[in-house]
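Novice: Pasting a structure below so you can have a look.
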Amino acid sequence: MPVTVATAPFDVSAEERTVTGLVDALRGDPGTRVLLVSGDRAPVSRGHAVLSFVAPDDVAADAEWAFLGRDSDGVALLLAAVGERGSEEVGSDGASFREVGASLPPHEAELFVTAVALGRWLVEAAFCPGCGERTRTTMAGWARHCDGCGREHFPRTDPAVIVGITSADDERLLLGANAAWGGRMFSCFAGFIEAGESAEQTIHRELAEEAGVRVRDLRYIASQAWPYPRSLMLGFHVTAVDEDEARPDGEEIIETRWFTREEIGRALRGEGDVSLPGGVSVAHHLIRAWHDAGPGGEG
Ligand SMILES: [Zn+2]
């Protein structure tokens, strides 16, 4: 089962990024479609079902531009990113990726993620971290060059792990309730990869901290770019060494709970008093994939 936001039906057409003056030329073409993004918001229409694009002339002069690729008809797609203060430019039809990502067509959800991730970097990382000079964008908005010290800079991505923990007999799944979620919502355990760590080391450290469990048999399942603020979520299933070790850290995680497949099935159908993460997230995919792979599942 694919993670819908990890598919790429439109063509990023990366080979075009080196074409001199590409973005300026496309800004002068009235056939170009522009996705206007402010922070994590973009215009949507038809009841949040599709993204809304504008013509290049409709964008404020201070926007930062990038080439996003071409749709299946060959029409060029540009990103115009404005700061959070420019949210009025996105208009009253604007919505965040968090709000509408699950209801958009998969290729538009992916385009939205790319636009938010790239747009924030374009707006917020204008100055060279090495020497402090203002940089200029190159590679059609996908890189910056510093004329002060000669360095090249690229959009930063912060890797994180997200993990579903299974029992040794694979009959139960351990999830946690985060203090920030208000009690009813359970999800997988997650944490950022720290400097010098491998993904595997992060999993062992985070699960010991948050859920109190030692784990084995790490199985990579899927990844997902998550633009809050600029993460790449690496999704795993792992097996608990001893199910009785599970206990919440009491700070970030306020409750850990083992769920049967039947209980997860009910929650996925929206029944009962436990809620699970929304369909746009890799956490949802990890939970559903475990549920569907077992007896009584759909797979
Ligand atoms: Zn520099």
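Novice: Send over the semi-axes of the range 202-296's equivalent ellipsoid, whole angstrom and largest first, taken as the square roots of 5 times the C-alpha gyration tensor eigenvalues.
Specialist: 20, 19, 15
Novice: For a bin width of 5 Å, list the pair-distance distribution of the range 127-196 built from all Cα-Cα distances, rounded to whole %.
Specialist: Bins of 5 Å from zero give 3, 13, 13, 12, 10, 11, 7, 9, 11, 7, 4, 1 percent of pairs.
Novice: At 15 Å minimum axial length over the Cα atoms and a Kyte-Doolittle cut of -0.5, report the qualifying DSSP H helices in the chain, or say none.
Specialist: In the chain, the long hydrophobic H runs are 106-124, 282-293.
Novice: Given N residues in the range 184-239, what is Rg(Cα) / (2.2 N^0.38 Å)?
Specialist: The reported ratio for this selection is 1.14.
Novice: Then there is this: Run the helix sum for the chain: -39,500 (n - 2.57) per DSSP H stretch of 4+ residues, divided by residue count, reported at 222 nm to the nearest 500 deg cm²/dmol.
Specialist: It comes out at -6000 deg cm²/dmol, rounded to the nearest 500.
Novice: May I pose another question? Write down the Å³ per residue value for the convex hull defined by the alpha carbon atoms of the range 103-230.
Specialist: Once divided by residue count, the hull of the range 103-230 is 172 Å³.
Novice: Among DSSP beta bridges whose residues both lie in the range 19-113, state the antiparallel percentage, nearest 5.
Specialist: Close to 70 percent.
Novice: Are there GluC sites (Glu not before Pro) in the range 173-204 that DSSP puts in a loop and that have at most 14 other Cβ atoms within 10 Å, and which ones?
Specialist: Qualifying residues, ordered by number: GLU194.
Novice: Just want to confirm a number: the relative contact order over the range 89-187, from Cα pairs under 8 angstrom separated by 6+ residues, in percent.
Specialist: 11
Novice: Using every alpha carbon pair in the range 4-153, what percent of pairs falls into each 10 Å bin from 0 up to the bin containing the largest distance?
Specialist: That works out to 12, 41, 35, 11, 1, in percent per bin.
Novice: If you take every DSSP beta bridge fully contained in the chain, what fraction is antiparallel? Give it as a percent rounded to 5.
Specialist: Close to 75 percent.
Novice: While we're on this one: Taking all pairs of distinct Cα atoms, average 1/r, flip it, and tell me the Kirkwood hydrodynamic radius of the chain in Å to one decimal place.
Specialist: Value: 20.9 Å, from the Cα pair sum.
Where a number appears in this text, it was derived from the coordinates with a stated rule and is not lab data. Just so it is clear, the structure is predicted and the values come from calculations on it, not from any experiment. Ideal geometry is used to build each Cβ from the backbone, glycine not excepted, and the neighbour counts take in all protein chains shown.
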